[in-house]
Amino acid sequence: MSIYKRYQQFTLCGLCLLTLIAIIFSLHSGDIQINLQQIFSILLTSAHRTTSHLTLTTKIIMDLRLPRTLNAFTTGALLALAGLLMQVLLRNPLADPYILGISGGAAIAALISLLLGLSLIWLHSLSFLGAMISMLFVFGLSRERQSFSPLRLLLTGIVLATGWGALISFILILSPNHNLHGMLFWLMGSIGYQHLALPGMIVLFISYICCQFLAPQLNILIHGELRAKSLGIHTNRLHLFLFLLASILTACAVSIAGTIGFVGLIVPHLLRLIGLRDHRLLVPATVLAGGSLLTFADSLSRIILAPEQLPVGIITALIGVPIFLVILKTRGLPNSLG
Amino acid sequence: MENHAMKNLLTCRALTLAQKNKLLCDDLHWQINAGETWAILGKNGAGKTTLLHSLANLHRPTKGTIHLNDSDITQLSRRVIAQNIGILLQQQHDAFPIKVHEMVMTGAYPQLTLFNRQQQKQFHDQALIALKKMDLLPLLNRCVTTLSGGERRRLAIATLLLQQPQVYLLDEPTNSLDIKHQVATLQHFRYLAEQQNAATIMVLHDVNLAYQFCDNCLLLMDDGRYLIGKTTDIINQENLLSVYQQAFMMIQQQNNTYWQAQCPN
């Protein structure tokens, strides 16, 4: 038993290291070469910097790369955590943050604001609003007698997502050509340079703390609603809370970076595959792994076709799929682990 | 111990359970005391599981009340109920792979408080005892999804043993167990009732097991009527026929009574 605990803690330490590497890698990569020593000295001295004499490199690191890195990390972590919660909520290992159609509403709102040529701040806030409206739809339609049935929730969500998908195609077809590139970029997900990282980080931090406290309950809830009830958990309340939390996380991630696929589905799975099963460790591990995966992917998206940028969603899938398949092939299904 | 012997644990008053125009149980008055062993018998769909779920507050009765230690069960928090009432569900659900030793620890959940390591250690030791009782020690590090049906059942029972409630509600505890484990399991539950002042209520399909391991019996008929009393008093050919619409033969041998279903021809 204790070997497992040791192993799980070891994995968590490894993920911390990975996160650090991902962040440094992300700060390092870009058109202009800035060596590691410079990066560290900029980061360390920035606390008491004066605005009067800023070098170009300081500006690049502090105003461009650092916010972008933090946004990438936050988005990845939000998505991965949302995916984990959805999987527990729906008791389905195949669930991802977009499965309930929450991103669809965000996409419609985002596309409309792109079509109208609204500013970025509008784009982000409208897509968040769209996601919340979509969430209320799923919530209202799938509730029966004050309780959630995961199956009903899943079906409602999937059908609604299909509906949003049709609307998205409709908007794309109607849109003039010069808008299309931006729209596709948004739909595939990409992390821009320009906005604040702080709101997303606050949401991430608060929801991480909530999840950490809920982790023992999540460990029980995966065994089914009735079992959880019989062990003393208020499943109605917990379901509602998980649904709200997962939706807010997804809405936040989508409004920062569009619909980046794959992170939410793959990260919790990858961690389960390598042997993390206790949610008390799975929750922090998901945050770290999701964050670093997206940070890496975002750095690559800036490097590969530089100075052109790729939508990061393409990269996450291109990195994630082979890694996942290799682990699945070599370690087998989760049940033959150990 | 002695003065607790007749302690009243669960009381049903005027309990009525109905489902979509079908009356499962009509106006049931039932008192379950510490130290008692109960069997619930009835045909498929007679409402045995629904009744058991109602006793654990997993199902809201149509009418009537259930009291646990003199407080209305609907007024108690789920945690308090789980500390007093443990239920073995008919089916378990394992979509996520976890290990046997992790699964059994879920039984400690109602007793655990956050951040108490001492307690964790103590439950670990008790978990090993529960697993040993169910012959699961060799499977400690196996993943639950690789277990056979009977092994999973034993794991669910071990988990329930770790929960250490006062009232054990068992929905077909012998399902998919081999004969040896059926006997050992029921014997252990009998021991818990008689020596540890617990109460056990089990849904069974085997009249002989009920006769052998349960002192009291509740027979649920199809139309919501019921018979309640000492097993030896109410299990007889006439009552079995009216519960199951199936004739039984009584076989007596060396002071033991056995029941054998008769084939129609």
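The values are calculated or read from the model by the stated rules, or taken from the named source; none is laboratory data. Since we're looking at a predicted model, the values are computed, not measured. Cβ atoms come from the backbone with ideal geometry, glycine included; neighbour counts cover every protein chain shown.
Taking the range B:62-78, which residues are under 11 Å from B:THR11 (Cα atoms) and touching a residue at least 40 places away in the same chain (Cβ under 8 Å)? Even if it seems obvious, please write down each step before you answer.
So in the range B:62-78, the residues under 11 Å from B:THR11 (Cα atoms) come out as B:64-73.
Result: B:GLY64, B:THR65, B:ILE66, B:HIS67, B:LEU68, B:ASN69, B:ASP70.
Could you grab the pairs with beta carbons closer than 7 Å, sequence gap of 6+ or different chains, first residue in the range B:205-233 and over 17 Å from B:TYR168 (Cβ atoms), second one surrounded by fewer than 22 Cβ atoms within 10 Å (Cβ to Cβ) and among the basic types (Lys, Arg)?
Once the first residue is over 17 Å from B:TYR168 (Cβ atoms) and sits in the range B:205-233, its partners that are surrounded by fewer than 22 Cβ atoms within 10 Å (Cβ to Cβ) and among the basic types (Lys, Arg) give B:ASP222/B:LYS43.
To keep it simple, each residue is scored yes or no on (1) surrounded by fewer than 20 Cβ atoms within 10 Å (Cβ to Cβ); (2) of a type in the set (A, V, I, L, M); (3) at pLDDT 85 or above; (4) over 19 Å from A:ALA22 (Cβ atoms).
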| site | (1), (2), (3), (4) |
| --- | --- |
| A:GLY264 | no, no, yes, no |
| A:HIS279 | no, no, yes, yes |
| A:LEU318 | yes, yes, no, no |
| A:PHE324 | yes, no, no, no |
| A:THR330 | yes, no, no, yes |
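Would you point out the residue of the range B:79-115, among those that are at the interface with chain A (Cβ under 7 Å from one of its Cβ atoms), farther than 23 Å from B:GLU172 by Cα and free of Cβ contacts under 8 Å to residues at least 24 places away in the same chain, that is farthest from the chain's Cα centre (by Cα)?
B:PHE96
So is A:SER134 without any contact (Cβ under 8 Å) to a residue 60 or more places away in the chain, among the polar types (S, T, N, Q) and in a helix (DSSP H, G or I) or not? I'd like the intermediate steps shown before the answer.
Details: without any contact (Cβ under 8 Å) to a residue 60 or more places away in the chain: yes; among the polar types (S, T, N, Q): yes; in a helix (DSSP H, G or I): yes.
Considered against the rule, which asks whether it is without any contact (Cβ under 8 Å) to a residue 60 or more places away in the chain, among the polar types (S, T, N, Q) and in a helix (DSSP H, G or I), A:SER134 comes out as yes.
Go through (1) within 14 Å of chain B (Cβ to nearest Cβ); (2) touching a helix residue (DSSP H, G or I) at 6+ places or on another chain (Cβ under 7 Å); (3) in a helix (DSSP H, G or I); (4) over 26 Å from A:CYS16 (Cβ atoms) for A:GLY232 and report which single condition fails.
(3)
For B:LEU169, are the conditions met, namely being modelled with pLDDT of 90 or more and either in a loop (DSSP other than H, G, I, E, B) or more than 11 Å from chain A (Cβ to nearest Cβ) (or both)?
Working: modelled with pLDDT of 90 or more: yes; either in a loop (DSSP other than H, G, I, E, B) or more than 11 Å from chain A (Cβ to nearest Cβ) (or both): no.
No: the conditions fail for B:LEU169.
Give the number of residues within the range B:244-265 that are surrounded by 10 or more Cβ atoms within 10 Å (Cβ to Cβ) and in contact with a strand residue (DSSP E or B) (Cβ under 9 Å, 6 or more places away or on another chain).
Of the residues in that region, 13 qualify.
Can you tell me which residue within the range B:1-18, out of those that are of a type in the set (S, T, N, Q) and at pLDDT 85 or above, is farthest from B:ALA82 (Cα to Cα)? Walk me through it before giving the result.
Of the range B:1-18, the ones of a type in the set (S, T, N, Q) are B:3, B:8, B:11, B:16.
From what's left, at pLDDT 85 or above: B:8, B:11, B:16.
On the way: B:ASN8: 17, B:THR11: 17, B:THR16: 23 Å.
In this case the residue turns out to be B:THR16.
Could you grab me the full set of residues in the range A:219-229 that are touching a Phe, Trp or Tyr at 6+ places or on another chain (Cβ under 6 Å) and either part of a helix (DSSP H, G or I) or not hydrophobic (A, V, I, L, M, F, W, C) (or both)?
Correct list: A:ILE220 only.
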